[in-house]
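Single-structure report; data block below.
The values are calculated or read from the model by the stated rules, or taken from the named source; none is laboratory data. Keep in mind that what you see is a predicted model, and the values were worked out from it rather than measured. When the accessible area is computed, the model is the full protein with side chains, heavy atoms only, and any ligands, DNA or RNA have been set aside. Shrake-Rupley method; radii C 1.70, N 1.55, O 1.52, S 1.80 Å.
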Amino acid sequence: MNQLWFETQSLEKKKEIVFECFDISHSHWEHTVASKSVLVNGKPDPKRYKKYRIKTLKTGTIDDFASMDEILTRRTLWAMRGEDPWADLIIIDGGKGQLSHAVEAIQKTNWWEDIIPIISLAKRIEEVFLPSKPEPTLFEKWSTELMLLQKIRDEAHRFAINYNRSSREKWYTKTLLDEIPGIGPVARKKILTAVSRVEELSSWTFEKAEKSFGKRVAEALQNHWLICE
């Protein structure tokens, strides 16, 4: 890609211009997730947002480069199968290193970066990196181009953080329930279907828990002070 997307003329003829941004999020060295936000003609399109669980890392391992490699590999394969056509611009939340790994992920599936416009946006001083340029591009602080990039980057970041928080809460709830004698896989599944966080059980009465999960499970929850008396 010889120049940035907004310097080209081809996009002006399209009715729908799509930008995608990918972000990696993790917390306390666990729960690595990723997100994709989408702008269509400069406006967020939440229906096209995606959230990803990282499948290639061991539990407790943090590797943003490997995570980005996995996500962009999966994204490329979906495009190759015609399941999710490429956007007009791919944006990576990160610096030159993240961009390099994203490009490598695309290349190893036989796609090339000069076919797929791809850049990265580094948070520190909002540097824009292109695969074809060793040095970053800097935009005026309040320029339309930079504000658009920040908009989609912030959306991806927000979406990833929310997904990370949700995944972490579900993990905590499941782990806590695993440690309670008398609550097996079937009962745990019923509980996790009824509540999204274990703290929500604190407002439940014994009668409500008994009706929903049975007396034995209700007693186990009560014995561990997870429901009201």
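Results, tabulated for the structure shown:
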| quantity | calculated |
| --- | --- |
| Hz values of 3J(HN,Hα) by residue in the range 100-108 - Karplus curve (6.51, -1.76, 1.60), Gly and Pro given as x | 4, 5, 5, 5, 4, 5, 6, 5, 6 |
| Average accessible area per residue (Å²) across the range 50-109 - probe 1.4 Å, nucleic acids and ligands excluded | 47 |
| Restraint check, Lys96/Lys141; Lys55/Lys108; Lys58/Lys190; Lys43/Lys141; Lys190/Lys215, Cα-Cα greater than 23 Å | Lys58/Lys190 |
| Shape of the range 53-144, Cα gyration tensor, a/c cut at 1.5 | oblate |
| Residue-normalised accessible area of the range 182-229, given per residue in Å² at a 1.4 Å probe | 64 |
| In order through the range 140-156: 3J(HN,Hα) via Karplus (6.51 cos²θ - 1.76 cosθ + 1.60), integer Hz, x for Gly, Pro | 4, 3, 9, 5, 4, 4, 5, 5, 5, 5, 5, 4, 6, 5, 5, 5, 5 |
